[in-house]
1. Dipole magnitude of the stretch 1-95 about its Cα centre, charges +1 at Lys/Arg Cβ and -1 at Asp/Glu Cβ only, in debye to the nearest 20?
2. How do F183, F93 rank by accessible surface area computed with a 1.4 Å probe, from largest to smallest?
3. Using label points projected 7 Å from each Cα along Cα→Cβ, tell me how many nm separate V28 and V201, to one decimal.
4. Can you give me the long-range amide H partners of M100? Hydrogens built in the peptide plane at 1.01 Å from N, cutoff under 5 Å, separation of 5 or more residues or another chain.
5. Under the classification rounded if a/c is under 1.5, otherwise prolate if a/b is larger than b/c and oblate if not, where does the stretch 1-118 fall, given a ≥ b ≥ c as square roots of the Cα gyration tensor eigenvalues?
6. With a 10 Å radius around each residue's Cβ, average the other Cβ atoms per peptide and rank 13-20, 148-155, 84-91, highest first.
7. How large is the helix-only mean residue ellipticity at 222 nm for the chain, computed as the sum of -39500 (n - 2.57) over DSSP H runs with n ≥ 4, divided by its residue count, in deg cm²/dmol to the nearest 500?
8. How large is the dipole of the chain about the Cα centre if only Lys and Arg carry +1 and Asp and Glu carry -1, each at its Cβ, rounded to the nearest 20 debye?
Amino acid sequence: MLSATAIAAMTALVAGGITAGLIAILHVLKPEYEPSWRMISEYSVGRYGWVMRLAFVTMAISPAATCVALWPFGGAWTIGLAAVALGALGAAFIDADPIMTPRAQATPVGRAHTVLGGVLLAGFPPAALFAGVGVASALGWVLAVASVVPFAGLVWFLVAAAPAHGRGGSPGIRIGWPDRFCFLAYLGWVVVAAIGVLSVV
């Protein structure tokens, strides 16, 4: 019989794969959202918005399940993964404003989404680093070293977003690709973590 740790690791893998698949499908369903400068959060607005909401739910399940899978090896060091999962879960039910909306004109709902999205986007790299350090004695330093990739994605995103200065997005502010890279990097780290757990349980 599979242990709870193994089940959690497999859940993280499946949820991460579903998330990536749903986001890929949305690029086909909503081709009007130019991926070079539109955030994936915007897919939750309008037609087929439910697909992005489902992707946010599975995106939340993936790091939460990873936290459960890593807990026996790192304990409280892994709790940050559960925290970023809450950001994704909240974003599933609170839609983003269109990216062109200046900060001064953002709706309360849009501001809430920005905060929740920020918890996920900015919170995952340090959560991954802490978890990687916490499990190093049991699983090695692979996860801590692998956290460099999510950090690189976050830096790329922040540099790309800097020209906006609260004015809202535009085709000249290319934050779409770094946004997508971040989420692929985050899901990739989850894959590495889950495989690491499954290799020892």
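The values are calculated or read from the model by the stated rules, or taken from the named source; none is laboratory data. All of these numbers come straight from a predicted model, not from anything done at the bench. Cβ atoms come from the backbone with ideal geometry, glycine included; neighbour counts cover every protein chain shown. Side chains are part of the model used for accessible areas, which takes the heavy atoms of the whole protein and leaves out ligands, DNA and RNA. Shrake-Rupley method; radii C 1.70, N 1.55, O 1.52, S 1.80 Å.
1. Working: 4 positive and 4 negative charges, 22 e Å.
The calculated dipole for the stretch 1-95 is roughly 100 debye.
2. Details: F183 20, F93 155 Å².
So the residues, ranked largest to smallest area, are F93, F183.
3. Simple spin-label model gives 3.3 nm for this pair.
4. Placed amide hydrogens put G169 under 5 Å from M100.
5. Numbers: a/c = 3.14, a/b = 1.71, b/c = 1.83.
Oblate, since a/c reaches 1.5 and b/c is not below a/b.
6. Values: 13-20: 20.4, 148-155: 18.4, 84-91: 22.6.
For the peptides 13-20, 148-155, 84-91, the packing ranking is 84-91, 13-20, 148-155.
7. Values: 8 runs with 140 residues, N = 201.
The helix-only estimate for the chain comes to -23500 deg cm²/dmol at 222 nm.
8. Details: 9 positive and 6 negative charges, 40 e Å.
Around 200 debye, computed over the chain.
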